[in-house]
Structures are given as C-alpha cells and as structure tokens.
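Just so it is clear, none of the values below were taken in a lab; they were calculated from the coordinates. Everything numeric in this text was worked out from a predicted model, so none of it was measured. Please note: Cβ atoms are built from the backbone with ideal geometry, for glycine as well, and neighbour counts cover all protein chains shown.
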Amino acid sequence: MNRRFRLLLAALACAALLWLLLAAAERALSLAQRFLTLPPWLQWTLGIALALFALAATLIAWMLLRPRRRKSRPLEAPSRAQLDARIALLEHDGANAGALRAELRDLDARGASGRFYVAVFGEISAGKSSLVTALAPDAALPTDVRGGTTRSVRHVDAVLADGTPVTLADVPGTRETDGEHREQLARHEALRAHVVVYLTDGDLQRSQGEEVAWLASFGKPLLLALNKSDRFAPEEREQLLASLRRRVPEAAAVVAIRAGGSERFERRLDDGSRERIERRAVADVDALTQALQRLLHRAGTDLEPARERAVLARVDRDAHAAETALRQQQAEAAVRRYARRAVVGAMAAIAPGSDLIIQGALATGLVRELCRIHDVPVSDVQIEAFLQRARLTVRTSASLVLAIAGNALKAFPGLGTLGGGVLHAFAYALIFDSLGKALSATLAERHALDADAADTRLKQWLSERGGERLKRLAHLTVDAARQRDDAAE
Ligand SMILES: Nc1nc2c(ncn2[C@@H]2O[C@H](COP(=O)(O)OP(=O)(O)OP(=O)(O)O)[C@@H](O)[C@H]2O)c(=O)[nH]1
Ligand SMILES: [Mg+2]
C-alpha cells in the first residue's frame, strides 16, 4: 500500500471518529436538556436508576478483570490400594519397604485422630520453636541464637483462641550446613500436616522461594509469617509484606508476627546509677492465629483429603525410587550371572578362535532377562536385530578388548596361573559385562530396546578400563576356573 493512500485512510478514519464523537456529544446534550425539563420526582428516579446501573456495571467489570489467585491443579496421586499393591510387590522381591509402610500407618493414625496438624517450617533460626512456644506456652521448647537448635520433630498440642484444638509440629530448620538428614525430616513432616506455617525473618531468598514452591507443588495450604517484625520500622514491614504477598500468591495469608526474642532497656537505680536489663519479649502472634482459624474453618473438611493426597504422592515418589533401585540390583545380578556363564562357556571351548563372537543363546538370554526386569516388552526380531549390531561392535573392538584382557592377566597374577583359554574367558567377561550394563542403562532410561542408544553405551563400556571393574571381573574369572578345575578332578 503506498504511503499517500495510507495517509488518506488515516485521515478518513479520524474524520469518522470525530463525527461519531460529535454525534454522541449532541445526543448527550439533548438528553440532558430533556432531563432538565422533567418533573423533579422523575429526575430523581431516573438519576437513581442510572447510578445503580453504573454501580452494577463497575462491579461486573471488577469481577471479570480483577487479578485472580492462581488455581493450582489438584495434585495427582495414586490410590491407596495401588500403593499397597506396589509395596507388597517390593516386599515380595526382597526390598525393604518398612519406611513406606510406616508412612501409610502414620497417615491412617492421623486421619483417625481427627486433629488438625500444623507444621511450622522454615530456615534455621527463623524462630520456629519460639513460635510454637508462643502458641503453646507449656511446651517451652529450646530456642537459641545459634542455628540448628531443633534436631528432631516435636509435636505439641495447643488450643487456638476460638477453642480449636490443633497439634503443632516444631521441625528442624532447612539450609543447615551438613543438615540434609534433618531437612528431610522437616520436609516429610510438612507434607504430613494439614497446614504449613512458613516462617521467614526477611524477604524470601531464592532457596526459600524454592521451598515454598515445593510445598505448593504438593497442594499444601500455606500461611506465610514474617517473624521478628520488631526488627523492622513500620514502613519497611509493610513493604516486606507487600513483597511477600506478590512473591507467594499461593499463600492463604501473609502476616507479620513477633514470636520471641528479648528486649533490652536501662533502668535508673535509687543511687543514680543505671542498670542494663534484658528480658524475654512478649510474643505477638495474633495475626497468625486469626489467619489460621480462618483457614481451618474455611477449608475444614477439604483439608484431610488434601493431606492424604500429599502423603500418597510422596510415598509414590519413594516407592518409585525403591522400585528403580530394586530393578538396578536385579539387573546387576543378572549381568553377573550371565558374564559368569560366558566365562565358563569360553573356558570349556577346546580351541577358542581369535575372533570374539558373542555367544548367541547366552546373549539372547541376557537381553530377554534384562527386558523382563525393566518391564519392557520385546520381540525375537528386535532382540536379534540388536544382537547383530552388538556383534559388529564387538568385532571392531576385538583388539582393544583383548589388549585390556592381556593387561589384566599381568595386573592380577592369579589369572596368569589358570592356564589355557583364560585370555578369551576374561575377554568374554568384559563383553558380557559391557553388553549387560549398556542395555540395562538404556532400558532404564528409555523404557524401550533402543538399539542405537544401547550400542553407543556398549562401545563406551568395551573401552572402559576402570580398576575396580577389572578386579571384579578377574575374581569372577578365577572363581569360574576353580570350579571348572574342581569339577574336572
Ligand atoms: N528479635 C526477635 N528475635 C526472635 C524472634 N523470634 C525468635 N527470635 C530469636 O531468634 C533466635 C532463633 O529462634 P528459634 O526459635 O530457636 O529459631 P528456630 O527456627 O527454632 O531455629 P532452629 O531450631 O535452629 O532451626 C532466638 O535467639 C530467638 O530468641 C522475634 O520475633 N524477634
Ligand atoms: Mg527450633
């Protein structure tokens, strides 16, 4: 479109707009004139109706346009029955699932107790124990300026101002140097609670933001409390609260409190001298108590199902980790078993050739077994296609594998005394170990027999010269040879 034409269009649009505005103004003026000629009672009625209409329109616009709190998707968690079945399977396969069972027992016990559990969570020295003591003065939990005072989870019963009984959990602080185990305790306890009070004594650092996001990802109802508010001037406190509200929109409330600490002042004595006095400050946690009461009343019956989902989601993650570890163990045992069979087979061969060919039936057995362990369905055609590639890779790496085996014979003197066929037997141990490790890692990662990925890993493992691994394979070869010799006698 050329420039002139565009200018012409713009001028026309401006003229049309002006005409519309003038027409609207004229209409408004004539309406106003007619309005003024009406009798007063009609003027009043029309005026009130118009005001009500304007008010309703503003309200509707506000409801449509107001900033909304992000609604999080309900947390996905397996059902209790599914988890029970998985745990039973883990136990059947010899894994230790005691911690998972204990977590589910705790879930049931708390559910049956009908009490509200509130965990006080946050970095070390944020004032968690002071807050629990302020809410339940009989508890008198130890507090200290030094971080890391609380070493384990403690439950304390309290009654809120409106008479609601709650159980408060004082937990170790996060971000303590070498305190990973205690942090884990704290996190698990937070997930078991109906509500988490996240305590901070300033604006949120990045790590604290991550903790809050982690809690929110489990759908935990959160109250964010700015503690030690006595350290801030009123203006600064308001700014901090505004910043916290902006950064944690998931929080049901953001409040400022004073959980503890001490007050220092000077007193003039009769003899004119001055005495410095330090005493425990009076706590002011009303804003938090009220927010907690409101939350418990509002969310009431939804809290227990949400708590259950959070715990089940956590047990699901832990069960998944246990299943992965168990699979890994079973896969390693299978690889050891097949490597040993390959060694025995190689030693039994009367005149092993210099060409290292993977022994067909054994290799097929290993692939099938690993796929079964990793729960990956495979066809005979897929197995054969993968083994063909693997054979090619082994053939091209043969000289390297034999060189590694040769060096191992010198490095582990026991091997050298075993007589004929040991070089090849050890080479087969290396090949089967590499094949098994490569395939197992690929199956765990991709949940499919990806021949490309497994072959790339096989190449890496065939050239791997790690001392510990060679030592283990040397032991395996020596054991197999001894058994062969014992059987022959
Ligand atoms: N000025 C001030 N100091 C406070 C306040 N609340 C707690 N403190 C002090 O902060 C320090 C740490 O308090 P704790 O209650 O032990 O903190 P915690 O979070 O339980 O600490 P850990 O158990 O080590 O994680 C203590 O010296 C308290 O006296 C407060 O509101 N104002
Ligand atoms: Mg503490």
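Restricting to the stretch 121-135, name every residue that is of a type in the set (A, V, I, L, M) and either more than 8 Å from ligand 1 (Cβ to nearest atom) or without any contact (Cβ under 8 Å) to a residue 60 or more places away in the chain (or both). Listed by number, the residues that qualify are 124, 132, 134, 135.
Residues are listed down the side, and each one gets a yes or a no for (1) among the charged types (D, E, K, R); (2) in contact (Cβ under 8 Å) with a residue 24 or more places away in the chain:
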{"site": "272", "(1), (2)": "no, no"}
{"site": "287", "(1), (2)": "no, yes"}
{"site": "307", "(1), (2)": "yes, yes"}
{"site": "316", "(1), (2)": "yes, yes"}
{"site": "336", "(1), (2)": "yes, yes"}
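Within the stretch 193-219, residues that are without any contact (Cβ under 8 Å) to a residue 40 or more places away in the chain have Cβ atoms under 7 Å from residues that are part of a strand (DSSP E or B) and within 16 Å of ligand 2 (Cβ to nearest atom) in these pairs: 212/198, counting only partners at least 6 apart in sequence or on another chain. Residue count for the stretch 109-166 satisfying the condition of being closer than 24 Å to residue 302 by Cα, outside any loop (DSSP other than H, G, I, E, B) and of a type in the set (D, E, K, R): 2. Considering every residue within the stretch 229-241, establish whether at least one is out of contact with any strand residue (DSSP E or B) (no Cβ under 8 Å at 6 or more places or on another chain) and among the small types (Gly, Ala, Ser). Yes, the conditions are met somewhere in the stretch 229-241. All of (1) basic (Lys, Arg); (2) assigned to a strand (DSSP E or B); (3) closer than 26 Å to residue 132 by Cβ hold for residue 267 with one exception: (3).
A single member of 221, 234, 165 is more than 16 Å from the chain's Cα centre (by Cα), buried (at least 20 other Cβ atoms within 10 Å of the Cβ) and over 15 Å from residue 130 (Cα atoms), and it is 221.
Taking the listed residues 191, 199, 185, the one that is outside any loop (DSSP other than H, G, I, E, B), near ligand 1 (Cβ under 10 Å from one of its atoms) and not charged (D, E, K, R) is 199, with no other qualifying.
Total residues in the stretch 212-263 satisfying the condition of being in a helix (DSSP H, G or I) and either within 16 Å of ligand 2 (Cβ to nearest atom) or hydrophobic (A, V, I, L, M, F, W, C) (or both): the figure is 9. One residue alone among 378, 367 is under 34 Å from the mean Cα position of the chain (by Cα), outside any helix (DSSP H, G or I) and in contact (Cβ under 8 Å) with a residue 60 or more places away in the chain, and that residue is 378.
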